[in-house]
1. May I ask for the net charge around Ala76, where only other residues with Cβ less than 13 Å from the Cβ of Ala76 are counted and Lys, Arg are +1 while Asp, Glu are -1?
2. With 19 Å as the cut-off, how large is the P(r) tail for the chain, expressed as percent of Cα-Cα pairs?
3. Leu17 to Leu103: FRET efficiency via 1/(1 + (r/R0)^6), r the Cβ-Cβ distance, R0 22 Å, to the nearest 0.05?
4. Please compute the Kirkwood hydrodynamic radius of the stretch 28-81 from all pairs of different C-alpha atoms, in Å with one decimal.
5. Return the sequence-ordered ³J(HN,Hα) values of the stretch 14-27 in whole Hz as given by the Karplus equation 6.51 cos²θ - 1.76 cosθ + 1.60 applied to θ = phi - 60°, using x for Gly and Pro.
6. Put a dot 7 Å past each Cα toward the Cβ at Arg43 and Leu66; how far apart are the dots in nm?
7. Given points 7 Å out from each Cα along the Cα-Cβ axis, report the Asp31 to Ala59 separation in nanometres with one decimal.
8. Quick check on the chain: of the DSSP beta bridges with both residues there, what percent are antiparallel, nearest 5%?
Amino acid sequence: MEVKSSAYVQGWHQKKLSRPSFRIAPTCGWDKTTGTYEVTVKRQADVYVFALLAHRDRATVNPRDLSHWQFYVARASALPKQDTIGLRPLQAISGEPVAYEGLAEAVGNAALEQG
């Protein structure tokens, strides 16, 4: 499992809210035994959790408040072959967001579907 995150509100000054996007480009994995990167470029997980800090009010946003987050779970095989994915295409793949309390079940289901 790999977790990616994005948010509408950033820690720096913003004139408008950010458009959430997530980096999904395949990468070379790290081999801790040899201390080198693997040669093969691939997705490093079978299941991805996309965590969106969905709260949009800078004055009240609290990253420690789990109700401010939405979670989208997707199988690696369902992700398009591109470097980033926006929220709408992600929603088309993963469906409705999952609350934190349902995250473990959603990940488990996606892992079973991935095979």
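1. +2
2. When all Cα pairs of the chain are counted, 51 percent exceed 19 Å.
3. Working from the Cβ atoms, E equals 0.35.
4. Roughly 14.1 Å, rounded to one decimal.
5. These are the phi-based 3J(HN,Hα) values: 10, 7, 8, 5, 6, 8, x, 8, 10, 7, 10, 5, x, 9 Hz.
6. 2.6
7. 5.6
8. On the way: 15 of 21 bridges.
The answer is about 70 percent antiparallel.
The values are calculated or read from the model by the stated rules, or taken from the named source; none is laboratory data. Values in this document were obtained by computation on a predicted structure and should not be read as measured data. No Cβ is skipped: glycine too gets one built from the backbone with ideal geometry, and neighbour counts run over all protein chains shown. In case anyone asks, the SASA skips ligands and DNA or RNA and just uses the protein heavy atoms, side chains included. Shrake-Rupley method; radii C 1.70, N 1.55, O 1.52, S 1.80 Å.
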